[in-house]
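**Q** Pasting a structure below so you can have a look.
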Ligand code: HEC
Ligand code: HEC
């Protein structure tokens, strides 16, 4: 009797193991392919080397899921971008189309994948130290509450600003200012207090993180 129980238990364990293996294999294949698609534009592990394409490795999963949802719903601008490499090289795509093609479950898996990668700060990105210092003062006054430590903490779930490509951040700020991208009410309240010259100062401050 005891012997039989152990046999059943070990067969069940084997079954669970096999099940687990099969499941892992299936999703690894699919997600691996999706990730490859992202990496053609965003760089290996989301460490973009192109200033127009944001670094996404190291973003928190909740931020990433939110961003994909915003693109899916076309609530933020979707500039066309040409695949620099891969099978679609030379073809153009937008983040809205890309996000729309991915299921909710796969989006979650993608978000977990990129959240486990490091955020590799942009290199060879010159900044003006005087402007950066001005930006720091503005940031500490109005933005630090939700973008702590220069906006370097993924756990804030407010993206990562420190070390992001300045071209991308400049565009993001332009989109917010033009009302083309939604922001949460509490950010808007602080954002409204910015002067025209504060924007470039902030861009240089975030770009000063190496
Ligand atoms: C054809 C090139 C291309 C591909 C492929 C691509 N992206 Fe993007 N992605 C971009 C560009 C360009 C932007 C910046 C668009 C903007 O200004 O909003 C962007 C922005 C993003 C953002 C917003 C970043 C932020 O800071 O808010 C996320 C998240 C993102 N992409 C995730 C992905 C994921 C996940 C994949 C793969 C499923 C992917 N992208 C595939 C070009 C691409
Ligand atoms: C009350 C919290 C809060 C405050 C204050 C705040 N932000 Fe944000 N910020 C967020 C959240 C949440 C997001 C991500 C969601 C979104 O797109 O709105 C974000 C997104 C951003 C982004 C886009 C990042 C990306 O990857 O595309 C930029 C740039 C930004 N904030 C700059 C600022 C600046 C500059 C200030 C100060 C004037 C500021 N924020 C103040 C919460 C805040």
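Residue by residue, here is whether (1) in a helix (DSSP H, G or I); (2) under 22 Å from residue 74 (Cβ atoms); (3) more than 16 Å from ligand 1 (Cβ to nearest atom) holds:
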{"site": "159", "(1), (2), (3)": "no, yes, no"}
{"site": "162", "(1), (2), (3)": "no, no, no"}
{"site": "173", "(1), (2), (3)": "yes, yes, no"}
{"site": "194", "(1), (2), (3)": "no, no, yes"}
{"site": "200", "(1), (2), (3)": "yes, no, yes"}
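**Q** Restricting to segment 134-155, what's the tally of residues that are within 17 Å of residue 202 (Cβ to Cβ), within 13 Å of ligand 1 (Cβ to nearest atom) and assigned to a helix (DSSP H, G or I)?
**A** Of the residues in segment 134-155, 1 are within 17 Å of residue 202 (Cβ to Cβ), within 13 Å of ligand 1 (Cβ to nearest atom) and assigned to a helix (DSSP H, G or I).
**Q** Okay, moving on. Within segment 104-133, take every residue that is within 17 Å of the chain's Cα centre (by Cα) and not in a helix (DSSP H, G or I) and give me the one that is nearest to ligand 2 (Cβ to nearest atom).
**A** Only one residue tops the list, namely 119.
**Q** Pull up segment 47-56, narrow it to residues that are over 13 Å from residue 116 (Cα atoms) and more than 9 Å from ligand 1 (Cβ to nearest atom), then point me to the one that is surrounded by the most Cβ atoms within 10 Å (Cβ to Cβ).
**A** Top of the filtered list is 51.
**Q** Among the residues of segment 37-56, what is the count of those that are part of a helix (DSSP H, G or I), at negative phi and either modelled with pLDDT under 95 or out of contact with any strand residue (DSSP E or B) (no Cβ under 8 Å at 6 or more places or on another chain) (or both)?
**A** Qualifying residue count, segment 37-56: 6.
**Q** Being outside any helix (DSSP H, G or I), in contact (Cβ under 8 Å) with a residue 40 or more places away in the chain and surrounded by fewer than 20 Cβ atoms within 10 Å (Cβ to Cβ) is the filter here, so list the residues in segment 57-78 that pass it.
**A** If the condition is that a residue be outside any helix (DSSP H, G or I), in contact (Cβ under 8 Å) with a residue 40 or more places away in the chain and surrounded by fewer than 20 Cβ atoms within 10 Å (Cβ to Cβ), then 60, 75, 76, 77 are the ones that fit.
**Q** Out of (1) surrounded by 13 or more Cβ atoms within 10 Å (Cβ to Cβ); (2) farther than 30 Å from residue 30 by Cα, the odd one out for residue 179 is which?
**A** Against the list (1) surrounded by 13 or more Cβ atoms within 10 Å (Cβ to Cβ); (2) farther than 30 Å from residue 30 by Cα, residue 179 comes up short only on (1).
**Q** Can you tell me which residue within segment 87-103, out of those that are in a helix (DSSP H, G or I) and either in contact (Cβ under 8 Å) with a residue 24 or more places away in the chain or touching a strand residue (DSSP E or B) at 6+ places or on another chain (Cβ under 6 Å) (or both), is surrounded by the fewest Cβ atoms within 10 Å (Cβ to Cβ)?
**A** Per the stated criteria, the residue is 100.
**Q** Can you name the residue in segment 164-176 that is under 21 Å from residue 210 (Cα atoms) and in contact with a helix residue (DSSP H, G or I) (Cβ under 7 Å, 6 or more places away or on another chain) and, of all such residues, is surrounded by the most Cβ atoms within 10 Å (Cβ to Cβ)?
**A** So, considering only residues that are under 21 Å from residue 210 (Cα atoms) and in contact with a helix residue (DSSP H, G or I) (Cβ under 7 Å, 6 or more places away or on another chain), the one surrounded by the most Cβ atoms within 10 Å (Cβ to Cβ) is 164.
The values are calculated or read from the model by the stated rules, or taken from the named source; none is laboratory data. Everything numeric here is computed off the predicted structure, so don't read it as measured data. With ideal geometry, Cβ positions are generated from the backbone for all residues, glycine too; neighbour counts draw on all protein chains shown.
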